[in-house]
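Reading through the C-alpha cells given below for one structure.
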Amino acid sequence: MPITSDWPLPPQGIRFLTPQFVQTQLAGHPLTEGLYPLAMGYYPAAFGHRMQRQQHDSHLLIYCIAGKGTLMCDDKHYRINSGDIILLPPDHPHAYKADGKDPWTIYWLHFQGRLAGDFYQHIQLSSPCFNIGVQPRVVRIFDGLSELRRSAYQFAEFVQGGHQLQALLSYIALLVRQQRPQSGKALNWERLRATMQEHIHGQLNLDDLAAGAKLSKYHFTKKFKAHTGQSPIQYFINMKIQRACYLLDSSNQSVKRVAAAVGYDDAYYFSRLFKKTIGLAPSDYRQHRRS
C-alpha cells in the first residue's frame with residue numbers, strides 16, 4: 001500500500017519521504033533506531049484529499065489545525081475538527097478524507113522504530129482521535145520536522161529529527177492526560193498547584209488537599225495519581241525538593257536555612273529526604289553541580 005495519497009500538492013503544501021537508504025541508516029543506528037520519521041507533510045485547505053488503506057506497516061499521526069474531515073476505522077465513523085489528532089498503529093485498516101465544504105488543513109507523519117509502540121501506548125488514546133486543541137508548540141515541532149526536506153539527506157539532520165519526533169509524541173501524551181475528560185468531579189489542577197506553591201515553605205496534608213477539592217481522600221488520591229503518576233504528598237515533596245535545588249544553586253544559604261525555607265525544621269530529615277529523591281546529599285549536590 002502507498003504510504004502517501006496521490007493528492008495533488010499545492011505550492012504551499014509539503015510532502016517528504018525518507019529515502020530507503022536513510023531509513024536503513026536510521027534503523028541501524030543507536031541514536032535513531034528507537035524512533036524515526038518515514039514520511040511527513042503539510043496539506044493546507046486540502047480540498048479533495050482522501051486516503052484508504054487495508055494494511056500499512058508504520059504508525060500514522062495526523063493533526064488537524066483547521067477545517068474538517070472524516071475518519072473511518074474499526075467500523076466506526078469519526079468526525080475530525082480543528083485541534084483533533086488521529087493516531088493509528090500499524091496494520092489498522094482505515095480511510096479518511098477532507099470535508100467537501102470546509103476541507104481540513106493537516107500535518108501528517110508516518111513513523112517507525114523500536115519505541116514506536118511504546119510511545120503509542122504511552123499516549124493512552126481510547127479511540128483513534130482526540131482533541132488537544134490547536135497547540136503552537138505542536139505546530140512548531142511539525143514545522144521543525146518538515147525542515148528535513150531541506151537536509152540533503154544528511155544523517156545528523158535525521159538524528160535531530162528523531163529526537164524532535166520523541167518530543168512531539170511525549171508532549172502529545174501530556175496534552176492528552178491534561179485534557180482527557182474525567183469521570184465525576186474534575187480536579188482543578190491550576191488551583192491545586194497554586195495551593196501547593198503557596199504552602200511550599202510549610203506543610204500540607206492529604207486531608208487539607210482532599211477537602212479543598214471537595215472529595216474523599218480515596219477519590220482525590222485516585223484522580224491525582226491517574227493524572228500525575230504520583231501520590232499528592234509525593235508530588236508536593238518533589239515540588240519542595242525542586243525548590244531546594246534552586247536555592248542551593250542560586251544562593252549561599254546553609255543547608256539548614258534551605259531546609260527551613262521549604263518547610264523542614266529538621267535539617268537532618270531534610271537531607272535524608274533530599275538524598276532519597278536526588279541521589280546526593282544537599283551539600284554534595286551543591287559541590288557537584290555543573291554549569
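Values in this text are rule-based calculations from the coordinates and carry no lab data. In this text the structure is predicted, and so the values were computed from the model without any measurement. Heads up, the Cβs are rebuilt from the backbone with ideal geometry, glycines too, and the neighbour counts pull from every protein chain shown.
Quick notes on this structure:
- Here region 1-150 is treated with +1 on each Lys and Arg Cβ and -1 on each Asp and Glu Cβ, and its dipole about the Cα centre works out to around 360 debye.
- The HN-Hα couplings worked out from phi for region 55-69 by the Karplus form 6.51 cos²θ - 1.76 cosθ + 1.60 (θ = phi - 60°) are 7, 7, 10, 9, 7, 10, 10, 10, 10, 8, 10, 6, x, 9, x Hz, whole numbers, x standing for Gly and Pro.
- Summary of the geometry: region 134-212 and region 216-266, compared by the centres of their Cα atoms, lie 20 Å apart.
- Around Gly162: net Lys/Arg minus Asp/Glu count, Cβ-Cβ under 13 Å: -1
- The angle between the Cα long axis of helix 267-278 and the main principal axis of the chain comes to about 20°, on a 0 to 90 degree scale.
- Taking all pairs of distinct alpha-carbon atoms in region 14-179, Kirkwood radius in angstrom: 16.0
- For semi-axes √(5λ) of the Cα gyration tensor in Å, calculated from these coordinates, the label among (1) 44, 25, 16; (2) 43, 18, 18; (3) 40, 29, 17: (1)
- Net +/- balance of residues flanking Arg193 in space, Cβ distance below 14 Å, scoring K and R +1, D and E -1: +1
- Nearest-ten-degree value, helix 155-179 long axis tilted from longest Cα axis of the chain: 70
- Between Gln52 and Ala226, the modelled label-to-label distance comes to 3.9 nm, taking each label 7 Å out from Cα in the direction of the beta carbon.
- Cut-off under 5 Å, modelled amide H: who pairs with Leu38 long-range: His110, Phe111, Gln112
- Computed per residue of the chain from DSSP H runs no shorter than four, each worth -39500 (n - 2.57), the mean residue ellipticity at 222 nm is -13500 deg cm²/dmol.
- Taking other residues whose beta carbon is less than 13 angstrom from the beta carbon of Met72, and scoring Lys, Arg as +1 and Asp, Glu as -1, yields +3.
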